[in-house]
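Engineer: Dropping the structure in here first, questions after.
The values are calculated or read from the model by the stated rules, or taken from the named source; none is laboratory data. The structure displayed is predicted, hence computed values, not measured ones. Backbone-built Cβ (ideal geometry, glycine too); neighbour counts: all protein chains shown. Calculation scope for accessible area: heavy atoms of the full protein, side chains included, ligands and nucleic acids excluded. Shrake-Rupley method; radii C 1.70, N 1.55, O 1.52, S 1.80 Å.
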Amino acid sequence: MITRLFSAALRGIDAHEVEVEVNAYGSEKPLTIIVGLPDAAVRESSQRVQSALAASALSFGMGTKIVNLAPADLKKEGPSFDLPIAVAMAAACEQIQLTADDCAIIGELGLDGVVRPVKGALSIAMEAKKQGRTRVVVPEANQTEAAIVEGLQVFGVNSLHQTWQFLTGKTEIKPCELDRHAFFESHRNYDVDFDEVKGQHHVKRALEVAAAGGHNMIMIGPPGTGKSMLAKRLPTIMPDMSEDEAIEVTKIHSIAGTLDLKHSFLTTRPFRSPHHTISDAGLLGGGTNPGPGEVSLAHHGVLFLDELPEFRRSTLEVMRQPLEDGQVTISRASGSLTFPARFMLVAALNPCPQGLALGRRAA
């Protein structure tokens, strides 16, 4: 019997719908084959799924199970396919026809059947709505993030057994209800505030002008004069993010795995301060499976480069494209990915020894 469910794969900051097909038939020994361009994490899911099915008292069967992730030419990455594979496998083995064509399912499984949070829940929920799905089943820790998407019922689950009971109609789960506007307004709090700065009137005035016009700026001064302290408080005087900007920023941080699951939604402008030893890939993004770098994590916020002369020249030069275009394109043999990178650049440096001597003499 062939069972079909829907999930999604991440590419860049966007998601693409994936159809999970499972065909189970008899053979001498149990065997699971996963096809459809899976990476190592997806291929290893067969072991997690088998253990989770046994722990959830669901049938795994003794036959061969072929799992196809379509479209076959789209690379599938990460453990988010564990839950749909397990549910489809149980349905195929027990010869049960699930009515879940209106539903998208994501989630990582533990060996005991517990559903763990995954990256990119917001992007996947947006893709599910785009494809006409009306329901999405996500890990309980991701339900607030996914519920940001309006017009979509989001069901948070904490175990494979609970998911199976819900999809087979044996139990009910209340959809996550989120007043997006109220949630958005209640989380606009910063840990620091520009109002805390006493004195420094000329520097504060310069920061206010830069924030009002979205200008980049550089601060030069002796150590201990408050350059880093002022830069950290700059986002608090920038205009509040709109809901569309907040959703875009949340997508980037969710993909990168830097999103705080306690809040699940970024409503304050990001502040990123990478160390001067950062690599080009760390700043722009990249890697084997390209992900967003610091310039994208600072999107709609502030990128602060402290001790500017300590950064490698090549690292600074690669920032030309994002500063000019507001985005960065990463090209690999498998294709090109574009990440948004519209940020305010703030740099700080100490004057040379001669400059320090002049400062002391003037004082």
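Engineer: Tell me the accessible surface of D240 in square angstrom (1.4 angstrom probe, heavy atoms of protein chains only), to the nearest ten.
Structural biologist: Ignoring ligands and nucleic acids, D240 comes out at about 110 Å².
Engineer: May I pose another question? Of all DSSP beta bridges in the chain, what percent run antiparallel (nearest 5)?
Structural biologist: The answer is about 50 percent antiparallel.
Engineer: Of the beta bridges DSSP finds with both residues in the range 77-228, what % are antiparallel, to the nearest 5?
Structural biologist: Roughly 25 percent of the DSSP beta bridges within the range 77-228 come out antiparallel.
Engineer: Let me ask another. Please list, ordered by chain and number, the residues whose modelled amide H lies under 5 Å from the amide H of V318; skip anything fewer than 5 residues away on the same chain.
Structural biologist: none
Engineer: Next question, about the same structure. Treating only the Cβ of Lys, Arg, Asp and Glu as charged (+1, +1, -1, -1), what charge dipole size does the range 279-344 show about its Cα centre? Round to the nearest 20 debye.
Structural biologist: Approximately 240 debye in magnitude.
Engineer: Just going by the charge dipole of the range 160-292, with Lys and Arg at +1 and Asp and Glu at -1 on Cβ, which of V203, T236, T168 is farthest out on the positive end?
Structural biologist: Farthest towards the positive end: V203.
Engineer: Same structure, new question: Rounded, prolate or oblate: which fits the range 153-213, taking a ≥ b ≥ c as square roots of the Cα gyration tensor eigenvalues, rounded meaning a/c under 1.5, else prolate when a/b beats b/c?
Structural biologist: In terms of gyration-tensor shape, prolate.
Engineer: Shape verdict for the range 231-363, please, from the Cα gyration tensor: rounded (a/c under 1.5), prolate (a/b greater than b/c) or oblate.
Structural biologist: Cα axes put the range 231-363 in the oblate bin.
Engineer: Given I2, G61, T250, which one lies farthest toward the positive end of the charge dipole of the chain, if we put +1 on the Cβ of every Lys and Arg and -1 on the Cβ of every Asp and Glu?
Structural biologist: T250
Engineer: To the nearest Å, what is the center-to-center distance of the range 73-139 and the range 249-328, using C-alpha atoms only?
Structural biologist: Computed from Cα coordinates, the inter-centre distance equals 30 Å.
Engineer: Skip the ligands, DNA and RNA, and give the accessible area per residue of the range 208-344 with a 1.4 Å probe, whole Å².
Structural biologist: 46 Å²
Engineer: Any idea of the accessible area per residue across the range 1-102, 1.4 Å probe, to the nearest Å²?
Structural biologist: With all protein chains present, the range 1-102 gives 42 Å² per residue.
Engineer: Given a 1.4 Å probe and heavy atoms of the protein chains only, how would you sort V114, V149, largest accessible area at the top?
Structural biologist: V114, V149
Engineer: Express the carbon and sulfur contribution to the solvent-accessible surface of the range 199-301 as a percent, rounded to the nearest whole number, probe 1.4 angstrom.
Structural biologist: Solvent-exposed carbon and sulfur of the range 199-301 make up 53 percent of the total.
Engineer: Next up: Extending each Cα 7 Å along its Cβ direction at K29 and L111, get the distance between those two points in nm, one decimal.
Structural biologist: 2.1 nm
Engineer: Next question. As a test of the formula, what do you get for the chain when each DSSP H run with n ≥ 4 contributes -39,500 (n - 2.57) and the sum is divided by the residue count, at 222 nm and rounded to the nearest 500 deg cm²/dmol?
Structural biologist: Mean residue ellipticity at 222 nm (helix-derived): -9000 deg cm²/dmol.
Engineer: Continuing with this model, one more query. Hey, in the GNM for the chain with a 10 angstrom Cα cutoff, which one of S314, S59, S46 fluctuates hardest?
Structural biologist: S314
Engineer: Shape of the chain from its Cα gyration tensor (a ≥ b ≥ c, root eigenvalues): rounded if a/c is under 1.5, otherwise prolate when a/b > b/c, or oblate?
Structural biologist: Judged from the Cα gyration tensor, the chain comes out prolate (a/c at least 1.5, a/b above b/c).
Engineer: Hey, another quick one. Any idea what the dipole of the range 47-191 comes to, in debye rounded to 20, about its Cα centre with Lys/Arg Cβ at +1 and Asp/Glu Cβ at -1?
Structural biologist: 280 debye
Engineer: Can I ask one more? Calculate what fraction, in whole %, of the accessible area of the range 1-102 sits on carbon and sulfur atoms when a 1.4 Å probe is rolled over the protein chains.
Structural biologist: About 53 percent, which is the carbon plus sulfur part of the accessible surface.
Engineer: Of the candidates I247, I105, I220, which one comes out as most mobile in a Gaussian network treatment of the chain with C-alpha springs shorter than 10 Å?
Structural biologist: Evaluated over the chain, the most mobile residue of the options is I220.
Engineer: Right, something else. Out of the DSSP beta bridges found with both residues in the range 79-157, what percent are antiparallel (nearest 5)?
Structural biologist: Antiparallel bridges: around 20 percent, rounded to the nearest 5.
Engineer: Then there's this: Along the charge dipole of the chain, which of P290, S80, V114 sits closest to the positive end, that is, farthest toward it, with unit charges on the beta carbon of Lys, Arg, Asp and Glu (+1, +1, -1, -1)?
Structural biologist: P290
Engineer: Quick check: with the 1.4 Å probe, what order do Y25, Y190 take by accessible area, largest first?
Structural biologist: Y25, Y190
Engineer: Related question: Taking amide hydrogens as modeled 1.01 Å from N in the peptide plane, which residues meet the under 5 Å criterion relative to I173, leaving out close sequence neighbours?
Structural biologist: none
Engineer: So, taking all protein chains as they sit and a 1.4 Å probe, how much accessible area belongs to K75, in Å² rounded to tens?
Structural biologist: 90 Å²
Engineer: State to the nearest 20 debye the size of the charge dipole of the chain about its Cα centre, where the only charges are +1 on K and R beta carbons and -1 on D and E beta carbons.
Structural biologist: Value, rounded to 20: 840 debye.
Engineer: Hey, what did the chain get for relative contact order, percent, Cα under 8 Å, at least 6 apart?
Structural biologist: 13 percent
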